[in-house]
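One structure is given below, encoded as structure tokens.
The values are calculated or read from the model by the stated rules, or taken from the named source; none is laboratory data. It should be emphasised that the depicted structure is a prediction, and the values quoted were computed from it without experimental measurement. Because the Cβ atoms are built from the backbone with ideal geometry, glycine has one as well, and the counts that use them run over all protein chains shown.
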């Protein structure tokens, strides 16, 4: 059975029982459900549906809200009487026949003291309080405000999670006590979230702005060198290749890459470092005989600069036989978000490759880059 709005059947609190454990003893108490959707007549509707149907319902300003109190005893005769304070306005006699949904917020919201605002707090007092909060919540490793991803020791000292990974011992560097396995309280989490937030990457000292993409393009991200597999910061990867892998050519905006195809029936990947328009890229040539696909993937490396221009890569293959008319040409708009490298792929059917492989088992790839 359905009703239009919450006026079809008068609200009546639904009563029931619940169990609690006090002093190690399970006890049963009586409860009242003051949500209208707990009534059988409205159990198939959401609060939003009922609110929409009788949005114009009026509350009452005749009674000022005051928390109601009651005293009751548990079923265990040995348990003392307890006094409960009900902060729900429907616990008042004047409102007990109404659900919360019928009472506009103005009927029961606590009156705030608007005689004093945050602007009345002296600046020196405010700054002193902020300094204290920042000192209390500082990371015990980097000695800066703790990042959103943080941990605490059993003595409640803060440690950024990224700083925690750099510790040689799994204990707090201040008190030498182990880290707590408990989740931080909601209050502590709210305090940390309210503080100015730093970039999550180790050694980066940038404070984030709302809707900031800095962390995505931060140059302090630790990456693997495709050539030697060593850990290198993104901002230093170009220098690393130039100094540690001099046998590799770093290609530019208009380059012909020559790769020797040793075995067409094996899976292999060839890496080509590329630097165009202040952006370092890994250009990966991937052979997969099982899918019969030869692909080229462009992987942008974060260097601390958020790209402001669009880069296009044009890939061309020409036949080795002058009488062969087979051509392959395509242009790809590169997504320079380092997390979206899979979107920067070009696929070539392996059935086309024999047209482009010369007698030396080499394939020539012409890649031209442009920006707008």
Could you tell me whether residue 247 is in the same structural domain as residue 366 (by TED's automatic domain parsing), over 21 Å from residue 349 (Cβ atoms), modelled with pLDDT of 90 or more and part of a loop (DSSP other than H, G, I, E, B)?
-> yes
Considering 210, 184, which residue is outside any helix (DSSP H, G or I), in contact with a strand residue (DSSP E or B) (Cβ under 7 Å, 6 or more places away or on another chain), surrounded by fewer than 18 Cβ atoms within 10 Å (Cβ to Cβ) and modelled with pLDDT under 90?
-> 184
Confirm whether residue 193 is farther than 26 Å from residue 308 by Cα and in contact with a strand residue (DSSP E or B) (Cβ under 9 Å, 6 or more places away or on another chain).
-> no
Of all residues in the range 16-38, how many are surrounded by 14 or more Cβ atoms within 10 Å (Cβ to Cβ) and within 37 Å of the chain's Cα centre (by Cα)?
-> 5
Index of the failed condition, residue 352 passing every other in (1) free of Cβ contacts under 8 Å to residues at least 12 places away in the same chain; (2) farther than 15 Å from residue 284 by Cβ | (1)
State all residues of the range 280-300 that are closer than 16 Å to residue 225 by Cα and buried (at least 21 other Cβ atoms within 10 Å of the Cβ); if no residue qualifies, say none.
-> 281, 283, 298, 300
For the range 130-147, how many residues meet the condition of being surrounded by fewer than 14 Cβ atoms within 10 Å (Cβ to Cβ) and part of a loop (DSSP other than H, G, I, E, B)?
-> 1
Only one residue in 63, 21, 14, 31 is in contact with a strand residue (DSSP E or B) (Cβ under 9 Å, 6 or more places away or on another chain) and at pLDDT below 80, so which one is that?
-> 21
Please specify each residue of the range 224-245 satisfying the condition of being closer than 18 Å to residue 270 by Cβ and over 30 Å from the mean Cα position of the chain (by Cα).
-> 227, 228, 241, 245
Among what's in the range 322-346 and is touching a helix residue (DSSP H, G or I) at 6+ places or on another chain (Cβ under 7 Å) and under 23 Å from residue 304 (Cβ atoms), pick the residue that is modelled with the lowest pLDDT.
-> 339
So which strands (runs of 3 or more DSSP E) stay within the range 315-372 end to end and still have 3 or more residues that are more than 24 Å from residue 277 (Cβ to Cβ)?
-> 345-349
